[in-house]
Every structure is written in C-alpha cells, then in structure tokens.
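A short worksheet on the structure shown next.
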Amino acid sequence: MNSQVQKRRASLIIQNAVEVVTCRGSNVSSVETVPRGWVAIAGEEIIAVGSRDQVAAEVDMEHAEVIDATGKVVAPGFVDCHTHLVFGGSRVQEYAAKMTIDDPAELARLGIQTGIQVSVEMTSKSSEEQLFQAAKERLERMLHAGTTTVESKSGYGLTTTDEIKMLHVNAKLAKAMPVDIVSTFLGAHGWPAHLPKEVYMGVLLDEMIPWVSGLGIATYCDVWCDNGHFTAQESEKILRAAADAGLQPKIHTDAYSYVGGSDLAAEMGMVSADHLNYTPPAVMKKLANAGVTGVLMPALDFAVRHPRPFDARAMIDSGMNVALATNLCPGCWTESMQFVMALACRLYRMSPAEALRAATIGGAMALGLGNDRGSIEAGKLADLQIWNVPSYEHVIYRLGGNVVEWVIKRGKLVVDRTNQEKGTENLV
C-alpha cells in the first residue's frame, strides 16, 4: 500500500515574496509575516502558505502558473465593509464651498444645496444604467487599489422603486466585475422631505422590507440611528422586522450623538456597528463582549472635519474587533483603502499591523465573511494583492500613492499594473 499522501495540484503559485502578510490568528495587533513566502492556489482556494520547502511538501506545483513576487509583498485583498457605492451625480459644489464656509445660511444664499436629500434627488433622476456605469467606474478604481470585496448600500432612493433600483445595480455590478458585492438595504437612511417620519416608517415596514426580502437582492438591512435620524426604539422596530424577513441587521450609530444605537447592536448581536464617534467606553466593552465589529471610517471624519473623531485606540484596548472602511459616498469620495489606512495610523494611533488587519480580516468579520476571506491561509478564498514595496509598512508610508501591482480574485489574476508605464494597464 502506498502510504504517501496525495498532493493537491496547484493552478497558481506566487513565489519568492519578500514577505507574505497573512493576517491570520486572533491577535489584533499582529499580521504575521512569512519571509521569502510562497502561496499555492487551486482554483478559487488557497491550499498552502509558507516557505518554498513547506509549500512543495504539500502541493504538486509542476503544472501551475507562476507569479514571481521577488522583492514584493503579498497581502489579503481589502474588504471594504461600508460603502455607498451607488449614487447619482456628485456634491462637489457643497464639498468645495465648505472648505471656507461654515454658515448654512450663507451656503443657501449662494444657491448651494447640501445634505443627503440632494443625493436622493440626483439618484432618483438617474436611470439604472446611469447608476450602474458610474458605480462600475468607481468599483474598477477600487479593484485596482486592492479591494476585492465591497459592501454596497442603498439609501439614496427613499422610495420603494428607487431603493430597489439601487439594489438591482448592486446585482448587476456583481455580475459584471471581478469583485464580490455584499448588498445592504438602507431604506432607513432618512425619509423624504414631503413625508412625516412615522408615515415613512409604515412604508419601510409594510412595503420596502417585504419587497426587498422577496426579491432576494440584499443580505443586510441597515439603519441610521442618531439624533435627527431614527431613535434606538425606531431602529429596533425596523431591524427586527427586517430580521423576521431574513435580512441581517447592521447599524449606523453614534456618529453625531449617543442615543443607544450601539447598545442595541450589542443586544441584538449585530455583525457590526458603524461610525461610533460618541460611543462611551462602557458600551465599547459591551460591543466587545457581544462580538460586534466596530466599523471605523477615518476618511469620513477627515472629509466632514468631524468635531469628535472616533477613539480607535480605546476600542482596540477594550477588546473590540475593529474594521476600516472607506464610506465611499457623495460626501466622502474616496475609493482607496490605502488612504484610509494611512489616516487611521497617523490620526488615530493605529499601528500599521492593526490598520492592515482592520482593512482585511476585520472588514470580512464585519460582513460575516471571516471564515472564507480576509486572511491568507489554506481553505480561504484566493483573494490577494501584491504590492511593489519591500515591506508592508510602506502602504501607510507612501501617502497618496497606489502600491498595488497585481490583484488576484478567487484565484484569477484580474489586475496587472506592470504595464502601466506603457499605457496598457487593464483588467486582465
């Protein structure tokens, strides 16, 4: 009898990386690096990680394609777990004016409209195809910067027709692009100006949630719980109705006030609570004990010049798992998780290791996907990026750049930026 274990045949080998940054393990302050690392992939799956000898002992590499990563860093693909990827138009006039004008009356005098309702109107006037093409361009740039999984919310519709239109765009993007899209229904982003909140609540509960659930076009239901938005009691009513309809709960909360939304996240065992600028230390501990991931968005604080930046250090020290996200939206137009990481480290006292974990495995956990992506280990999806830098810390050091050279999604090379100087950079 042959006692030799049958080796799995690799379809792709990444060899000779200066370091493979695995992000595996439970230590939130450690990314684990494998010097002179190799990664073996079979189909969509990582099957081995380690030195050349370790990988060769486990894998048949004879007929595999090879990417030579000599002098480069291999990292997990970014998981951007909070975006408003789909929206109509832009609010560039508002953003530019607010560089020097704080007075809402002066903005109004100048004829500059502000706020979510502006985006709601522009999104409503955009066709599904227009929304799709604009979002696809943004998503392509995100992919080229290393993002392989994106959560995309509705929320600029605020009517059943327009909310479903946005969610249909998410579905079209998932089919058209080599990026996994996690679709979130955010009908409770606000309410139309012509409707009282209690009337709109009825539309949410009796019409929107049943329609979205029946169409099967969203995984999560989100709500903005804050002063001037939905109360904790209203948020609970919406999210429990959504949960009964098969939509998992998420929450925007504590962004501009503390009204109990983060407590609700802990009590309901939500997968994430997002923003958390005003979250008290005692509630951070509750979130940590409940296993709720805190999603933090440095670029949003930067874009709006937030009066109370979130306290990432206190959250990490409380034992919370944290994730970083772009919050790509009309008021915070960033597509780069690398930029977000740089802000997190310089402005929020996160280490490069903490930031990278938060942008990869942390983001995966905030979407309930930590078991299949976000780190480089056998059995997980082969969602990888290869950086043309000598160590992973360079990603937060090279401000405003893009260190990505190759992106691999589900085991396939989908971005090759090595020919960029020749003008031939493309999706593969």
Completion exercise
Of the residues in the range 397-417 that are farther than 17 Å from THR360 by Cβ and charged (D, E, K, R), the one that is modelled with the lowest pLDDT is ARG417
Practice task
Among the residues of the range 39-66, write down those that are within 27 Å of the chain's Cα centre (by Cα) and either under 18 Å from VAL395 (Cβ atoms) or not in a loop (DSSP other than H, G, I, E, B) (or both).
Solution key: VAL39, ALA40, ILE41, ALA42, GLU45, ILE46, ILE47, ALA48, VAL49
Exercise for the section: Looking only at the range 377-400, decide whether some residue is out of contact with any strand residue (DSSP E or B) (no Cβ under 7 Å at 6 or more places or on another chain), aromatic (Phe, Trp, Tyr) and over 13 Å from PHE78 (Cα atoms). Expected result: yes
Completion exercise
Counting only strands (runs of 3 or more DSSP E) wholly inside the range 339-428, the ones holding at least 2 residues that are within 30 Å of HIS275 (Cα to Cα) and touching a residue at least 24 places away in the same chain (Cβ under 8 Å) are 384-387, 404-409
Practice task
Taking PRO307 as meeting all but one of (1) in contact (Cβ under 8 Å) with a residue 12 or more places away in the chain; (2) in a loop (DSSP other than H, G, I, E, B); (3) more than 22 Å from LEU399 (Cβ to Cβ), write down the number of the exception.
Solution key: (1)
Handout entry: Single condition GLY379 does not satisfy, out of (1) on the phi > 0 side of the Ramachandran plot; (2) not assigned by the TED database to the domain that holds LEU399
Key = (2)
Handout entry: Selection within the range 17-44 - open to solvent by 60 Å² or more (accessible area, probe 1.4 Å) and out of contact with any helix residue (DSSP H, G or I) (no Cβ under 8 Å at 6 or more places or on another chain)
Key = SER26, ASN27, GLU32, PRO35, GLU44
Completion exercise
Among THR148, THR159, the single one that is touching a residue at least 24 places away in the same chain (Cβ under 8 Å), farther than 21 Å from ALA273 by Cα, of a type in the set (S, T, N, Q) and open to solvent by 10 Å² or more (accessible area, probe 1.4 Å) is THR159
Fill in the blank from the handout: Here, helices (runs of 4 or more DSSP H) confined to the range 119-231 with at least 1 residues that are touching a Lys or Arg at 6+ places or on another chain (Cβ under 9 Å) are 128-144, 160-176, 197-203
Practice task
Output yes when any residue across the range 300-321 is under 12 Å from the mean Cα position of the chain (by Cα), hydrophobic (A, V, I, L, M, F, W, C) and modelled with pLDDT of 95 or more, and no when none is.
Solution key: no
Handout entry: Residue tally, condition polar (S, T, N, Q) and surrounded by 24 or more Cβ atoms within 10 Å (Cβ to Cβ), over the range 311-333
Key = 2
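Determine, yes or no, whether ASP311 is of a type outside the set (S, T, N, Q) and either in contact with a strand residue (DSSP E or B) (Cβ under 6 Å, 6 or more places away or on another chain) or under 26 Å from GLY401 (Cβ atoms) (or both).
Numbers: of a type outside the set (S, T, N, Q): yes; either in contact with a strand residue (DSSP E or B) (Cβ under 6 Å, 6 or more places away or on another chain) or under 26 Å from GLY401 (Cβ atoms) (or both): no.
When the stated conditions are applied, ASP311 does not pass them.
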Practice task
Identify all residues within the range 276-300 that are surrounded by 21 or more Cβ atoms within 10 Å (Cβ to Cβ), in contact with a helix residue (DSSP H, G or I) (Cβ under 8 Å, 6 or more places away or on another chain) and not hydroxyl-bearing (Ser, Thr, Tyr); write none if there are none.
Solution key: LEU276, ASN277, VAL283, MET284, LEU287, VAL292, GLY294, VAL295, LEU296, MET297, PRO298, ALA299
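The values are calculated or read from the model by the stated rules, or taken from the named source; none is laboratory data. Not measured: the values here are computed from a predicted model. All Cβ positions, even for glycine, are placed from backbone atoms using ideal geometry, and neighbour counts span all protein chains on display. All accessible areas refer to the heavy atoms of the entire protein, side chains included, with ligands and DNA or RNA removed. Shrake-Rupley method; radii C 1.70, N 1.55, O 1.52, S 1.80 Å.
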